[in-house]
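Please read the structure below before turning to the comments.
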Amino acid sequence: MIRAVAAVLLACVATAARAAEAPAPVGAKAEFTLAEAATGRLWPLAERTRDAKGTVIAFLAGGCQASTAYGPRLAELHKKYSALGVTFVAVYCHPADDAAGAAKHAKELSLPFPALIDDETHVAEKLAVTRVPSVIVLDTSRAARYAGRIDDQFGPGLHRPAATTHELADAIDDVLAGHEVKVSSAPATGCLVTRSRTAKPGEPAVTYYKDVVAILQTRCQECHRAGEAGPFALTSFKQTRNWADMIREVVAGGTMPPWSSDAPPGHFKNDRRLTPAEKATLLAWVDAGCPEGNAVDAPPVPKFVTGWRFGREPDEVLKMAEPIKIPAQSPFGWGLPYQYVPVGKPFAEDKWVTGVEVRPGYRAAVHHIIAFVLPPGANIWDIAGKEFGKHMLGAFVPGDQPIIAPPGGARKLEKGSRILFEVHYTPNGTPGDDQSMVGLIYAKEPPERELHNWAIFNGRFQIPPGAADHEVQSVYKFPKPADVILMTPHMHLRGKSFKYELVTTGPDGGEKREVLLNVPKYDFNWQVSYVFKEPRRVPAGAKIVCTAHFDNSAQNPVNPDPTKLVRWGNQTWDEMMIGFVMYADVKE
């Protein structure tokens, strides 16, 4: 381990992500010496900034998506201000980062300035850095003039097309001009930096191996393992301890595992929520100092299939023929125009599909992929009308899971049909190649019941500027009885809530309503499919009414523009209103 040689004189208080606490106090001086992550050479702050007209210290972490998102912004600011005599330096201060990992992350971001390793977080603690990314701006005497976030573009659940504030750039301008910095602090909103923890003396009531591992295996490791969607793995004691403070925050706040329905436990088969006992166990373990315990107490390691979440290898994998090059940044602010890419050849015979998993090649830059089934001889324009939902086979979206058909059901792929990907790329600051794929599991013989997809949508809405609770409805009437398997609500950044109701007519002619799914707080970052524990029978003539509410006000922190009249559109700054359903035929 490279140990930090640090001597920091800086009295400060902690920064909180969601509270207006001041970070490092203005006027306090910073002094430290750290090692460069790539070379191990010592980097003394005083010596390297002796002639600087200002200094920017950027605290980062390789496993933090917000740090990665801000890499291009830091490079841009360096290009502008280094020519004016400002020195930039990155400090990797999260315990999950070793020197090799920090050097790798800095290289991937193409950071044009030194990356240092604060492997025991001494410097971060002295400078009151509790979240990353955080920046501190020093003047010529190395006194802190600004501490906090870079700007307001990225944050928890937040990705604006462009920043609306520019705290770091404004602070540098003020320092260069010799002025008092107008905004001297702004709370950082990224990932918590875990502080060193020591297990409390005595026999611990809760240990990692005896109590915590089993919870991680069933609730977390589906995503938080190598090659999957989680930004860091939670498959070892060290990994879990390194992220303990972040785990405590998201577990206590109920944001992880992601789940938005208010249905009682057991209503949906894929309910990810922690039980009260599981939640209490995780919190108690962190609060006890993360005791390790004895490895012999651990449950068996689950047999994950590398690269797939089915629990088995797919029967066939269809992949983009050629990779698509993704730039570091989008000229449009948020994402690139949709790409439509055929994968595989037309099917030589009818196929019955019981499992679908769409996987991105360059996950960090893929916002979503929809796999459509094109009938023989059709193209995307042939399926783009009001029945587009029935052509959907599967998707990759943030937070969703593979599609596994219920027993006895399968989706038919007609001979001569083929699969087409609709891909939405949102560049993340690092260029790369994407060659996405879909894995398919086939039934060995025709099923008892055929599965269908449908989109219950309204494409004619207009959300007025400033409207805080605008309602939009869509309706689908089932011509024949069906069993509803799952439901997936879909909106964009202004989405506030979404509800599915089953409307039937009673013997007396009166209307009866039953809530099938209620999502009181819709989250665009976690587009979950809700799978019934038992398929819900829908009689012929019954309707599913979807009711969505949108918040186009300035109080919505992720609203791209509250002054805009919003209509249907593909891009994230537009809106959609879709209630996807999968259902099975019912034999009459």
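The values are calculated or read from the model by the stated rules, or taken from the named source; none is laboratory data. Quick caveat, the model's predicted, so the values are computed rather than measured. We place every Cβ from the backbone using ideal geometry, glycine too, and count neighbours over all the protein chains shown.
Being within 26 Å of the chain's Cα centre (by Cα), of a type in the set (D, E, K, R) and under 20 Å from His490 (Cα atoms) is true for just one of Asp400, Asp433. Which residue is that?
Values: Asp433 fails: under 20 Å from His490 (Cα atoms).
Every option except Asp400 fails the conditions.
Any residue in region 467-475 that is surrounded by 15 or more Cβ atoms within 10 Å (Cβ to Cβ), assigned to a loop (DSSP other than H, G, I, E, B) and among the hydroxyl-bearing types (Ser, Thr, Tyr)? No, there is no match, as no residue in region 467-475 is surrounded by 15 or more Cβ atoms within 10 Å (Cβ to Cβ), assigned to a loop (DSSP other than H, G, I, E, B) and among the hydroxyl-bearing types (Ser, Thr, Tyr). Screening Val343, Val358, Val366 for residues that are closer than 30 Å to Lys477 by Cα, crowded, with 18+ Cβ neighbours inside 10 Å and of a type in the set (Val, Ile, Thr) leaves exactly one candidate, Val358. Screening Thr68 on (1) surrounded by fewer than 20 Cβ atoms within 10 Å (Cβ to Cβ); (2) of a type in the set (Val, Ile, Thr); (3) modelled with pLDDT under 90 shows it passes everything except condition (1).
Within region 36-52, the set of residues being closer than 19 Å to Ile136 by Cβ, surrounded by 14 or more Cβ atoms within 10 Å (Cβ to Cβ) and either within 33 Å of the chain's Cα centre (by Cα) or aliphatic (A, V, I, L, M) (or both) comprises Glu36, Ala37, Leu45, Ala52.
Among (1) over 22 Å from the mean Cα position of the chain (by Cα); (2) assigned to a strand (DSSP E or B), where does Asp508 come up short? Asp508 satisfies every listed condition except (2). Once region 191-223 is narrowed to residues that are over 19 Å from the mean Cα position of the chain (by Cα) and among the basic types (Lys, Arg), the residue that is modelled with the lowest pLDDT is Arg197.
Would a scan of region 317-335 turn up a residue that is touching a Leu at 6+ places or on another chain (Cβ under 6 Å) and either at pLDDT below 90 or not aromatic (Phe, Trp, Tyr) (or both)?
Looking through region 317-335, at least one residue is touching a Leu at 6+ places or on another chain (Cβ under 6 Å) and either at pLDDT below 90 or not aromatic (Phe, Trp, Tyr) (or both).
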